[in-house]
1. What nm distance separates the two modelled labels at Lys336 and Lys359, each placed 7 Å from Cα along Cα→Cβ?
2. Taking +1 at the Cβ of each Lys and Arg and -1 at the Cβ of each Asp and Glu, which of Val239, Gly164, Val262 sits farthest along the dipole of the chain towards its positive end, judged by Cα position relative to the Cα centre?
3. Run the helix sum for the chain: -39,500 (n - 2.57) per DSSP H stretch of 4+ residues, divided by residue count, reported at 222 nm to the nearest 500 deg cm²/dmol.
4. Run the simple label-point estimate for Asp191 and Ser81 please: 7 Å along Cα→C-beta, distance reported in nm.
5. With +1 assigned to the C-beta of every Lys and Arg and -1 to the C-beta of every Asp and Glu, and no other charges, what is the dipole magnitude of the stretch 66-159 about the Cα centre in debye, to the nearest 20?
6. With contacts defined as alpha carbon pairs under 8 Å and 6 or more residues apart, what's the relative contact order of the chain in percent?
7. For the stretch 327-415, just the Cα atoms, rotate onto the principal axes and tell me the three extents in Å, largest first.
8. With a point put 7 Å past each Cα toward its Cβ, work out how far Leu27 is from Glu402 in nm, to one decimal.
Amino acid sequence: MTETIEQMSKSDTLKLRNRHIGESCTLFYRSNPLKIVKGEGQYLYDEKGERHLDCINNVAHVGHCHPDVVEAGQKQMALLSTNNRFLHDDLVICAKRLTSSLPEQLSVCYLVNSGSEANDLALRLAHTHNGNKDIIVLDHAYHGHLTSMIDISPYKFNQPKGIGKKDHIHVAPCPDVYRGKYRDVDYPGEDLGLKYANDVRKICKDVKEKGRGISAFIAESLMSVGGQILPPKNYYRNVYRHVREAGGVCIADEVQVGFGRVGTHMWAFQLYGEDIIPDIVTVGKPMGNGHPVAAVITTREIARSFADTGIEYFNTYGGNPVSCAIANAVMDVIEKENLQKRALAVGNYLLQELKKLQKRHPIIGDVRGAGLFVGIELVKDRVKRTPATAEAKRIVMRLKEEKILISSDGPDVNILKIKPPLVFNNENVDHLLTVLDEILKEIEIEDEEVAEQRVNIRKAVIKPVKIEGDGVSNKVKPVLVRAS
């Protein structure tokens, strides 16, 4: 792309935004935000026509503006866009395709508009099914922007001005084996999945002792906002058992990590074994490649409990023909272009090259991921694992200057997140890591210069200076002299 797209100036766009858009709707790179006018594949283009490599936009799952997805939406929009109270082929085909990619028990679909709405409905299903109220969530988790989702998202309710935790919400430790409650270095050879799961077991026990039961345990299959966390192997196996024994249902939030992103499987919860089957799965973002469509998939038993209430579930836009046509096109592209296989190959290459980079740069404390869901944890000290928060922010801004878009996250905002469209390739990996390597070298040189300045200050000496006394004794005044 070389031509400049005609439109209002960036400054005028920003002025209008500041005037008419709520202040809480923040922008990336607030001091100098980007104005993006076009997307194509793994690239975004600004108003000057300059190309930026998109390393974070997991919403554009099969690539920005994929022509097959665009065409499917255009064609259906020209034919019909209405609610799902009328029979329509695209709706039932979409539901069939989703359920066929999941374990047999998960056979009933509800089509909605967003991941937030999907998770809200999942909680309703759980409560209706077992009549319980108490919910277990993971620390640092984020499940959406609805009021019900803020209630179960420590990432939001634990903010300085957050609403705080409600009594029926129970927060289990995030199963982070690098910097969490149970670290690999502190418990060598132990089953950390079991240790973290025991914290959930204790919550279940405490709730039971109060004469109540668990409604649901909800967790992202891989924690995104929590810091690109991959729970240890036996975590979900044990957690699901404890929760079900307490009367609860298990909800797998696949909004960020589903549809083949992990490479080896279509769904991230499948990483933990064929026998690890949630009671409810929620999907969103990637399903529409940027179009608002999402879904809840559950068992026939839970769906029957929901129907037995006699309360109709109706969603004006959920499952409309246009959204379903787009979702079907996305699934077509994933299959036709072998994007799950590609995510595995490119993701493995990315992890391999990152580990080489880790050997050269002590600031990289940990590299982890599955497929094209990767985290780089930055630390000031590999032994103490002190988070390098300021450095992470500097790296994000420097990458932006080099036309590479990435973000940092985690409780200490020290983890670089890589979640690009699945059309990302090895050449993109090489470009990203070459630039990252140079930026890390810059930071190391700057840190060395700062360290040297501190050494010089420490070499400063205290020189006694004789001061006129009272004729009886001499007093001295210490003077700090900077060493040359």
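The values are calculated or read from the model by the stated rules, or taken from the named source; none is laboratory data. Values in this document were obtained by computation on a predicted structure and should not be read as measured data. Cβ placement follows ideal geometry from the backbone for every residue including glycine, while neighbour counts extend to all protein chains displayed. All accessible areas refer to the heavy atoms of the entire protein, side chains included, with ligands and DNA or RNA removed. Shrake-Rupley method; radii C 1.70, N 1.55, O 1.52, S 1.80 Å.
1. Roughly 4.2 nm, to one decimal.
2. Towards the positive end, the residue furthest out is Gly164.
3. -12000 deg cm²/dmol
4. So the label points at Asp191 and Ser81 sit 5.2 nm apart.
5. For this selection, approximately 180 debye.
6. About 18 percent, as a whole number.
7. 46, 25, 24
8. Taking the two extended label points, one gets 2.4 nm.
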